Amino acid sequence: MRFIFAIFLFGVTTLFAGSVRIMNDSPFPLQAEIIASDGSHKGKLSIAPQQQTTWQDSSSGAAVWSQTPYTVIFTCKNGKQFGVLSGVQQGATVTALSSSGDRYCEPPKKNEGQKQSSQKEDQASPFAPSSPFENEPPGSVGPADPSSSPGDPIWGPP
């Protein structure tokens with residue numbers, strides 16, 4: 001009988017634990033800060049792009065005042081606010097792009113070494129007009145180009 005009561009008591013206390021599933025559906029790495037309705041900071045999580053995590057507060061059953069609804073504040077790596085979600089109930093799933101705010105993070109600035117390597121990559125871009133054949137103008141299809149090859153203008157199989 002005592003064993004059943006202990007299991008029941010454990011189950012009841014876990015019912016009062018607040019949890020929120022947080023999904024970062026943005027292309028930016030974000031931090032999510034969870035704030036209770038009384039203004040107390042409950043936790044802070046780092047979430048990679050296109051990942052999710054579950055925040056759980058095991059101490060919310062011991063609170064004198066209600067801890068919900070929560071407010072989730074998403075911030076960028078540089079500290080700029082990404083967005084805010086208020087009115088989040090326990091057990092809810094929230095996404096970063098459903099928050100209100102800018103929902104944008106500045107990309108990290110490149111230093112000189114990265115700029116030079118990116119310029120080399122830009123020159124070798126598949127969208128840049130280039131020719132794989134030496135001494136051929138850009139856009140040429142090579143030696144089989146009928147406008148630049150000498151001989152019979154009607155070439156090819158019959």
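The values are calculated or read from the model by the stated rules, or taken from the named source; none is laboratory data. As the structure is a computational prediction, the values presented were derived from the model and not from experiment. Glycine also receives a Cβ, built like all others from the backbone with ideal geometry; neighbour counts cover every protein chain displayed.
Here is a yes/no grid of residues against (1) at pLDDT 95 or above; (2) loosely packed, with under 12 Cβ neighbours inside 10 Å; (3) within 30 Å of Ser19 (Cα to Cα):
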{"residue": "Gly61", "(1), (2), (3)": "no, no, yes"}
{"residue": "Phe74", "(1), (2), (3)": "yes, no, yes"}
{"residue": "Thr93", "(1), (2), (3)": "yes, no, yes"}
{"residue": "Lys110", "(1), (2), (3)": "no, yes, no"}
{"residue": "Gln123", "(1), (2), (3)": "no, yes, no"}
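How many residues does segment 85-113 contain that are more than 14 Å from Ser26 (Cβ to Cβ), within 19 Å of the chain's Cα centre (by Cα) and β-branched (Val, Ile, Thr)?
Selection size over segment 85-113: 1.
Given the criterion of a type in the set (Ser, Thr, Tyr), under 17 Å from the mean Cα position of the chain (by Cα) and surrounded by fewer than 19 Cβ atoms within 10 Å (Cβ to Cβ), identify the matching residue among Thr68, Thr54.
When all the criteria are applied, what remains is Thr54.
Would you pick out the residues in segment 80-107 that are assigned to a loop (DSSP other than H, G, I, E, B) and in contact (Cβ under 8 Å) with a residue 12 or more places away in the chain?
Lys80, Gln89, Gln90, Gly91, Ala92, Ser99, Gly101, Asp102, Arg103, Tyr104, Cys105, Glu106
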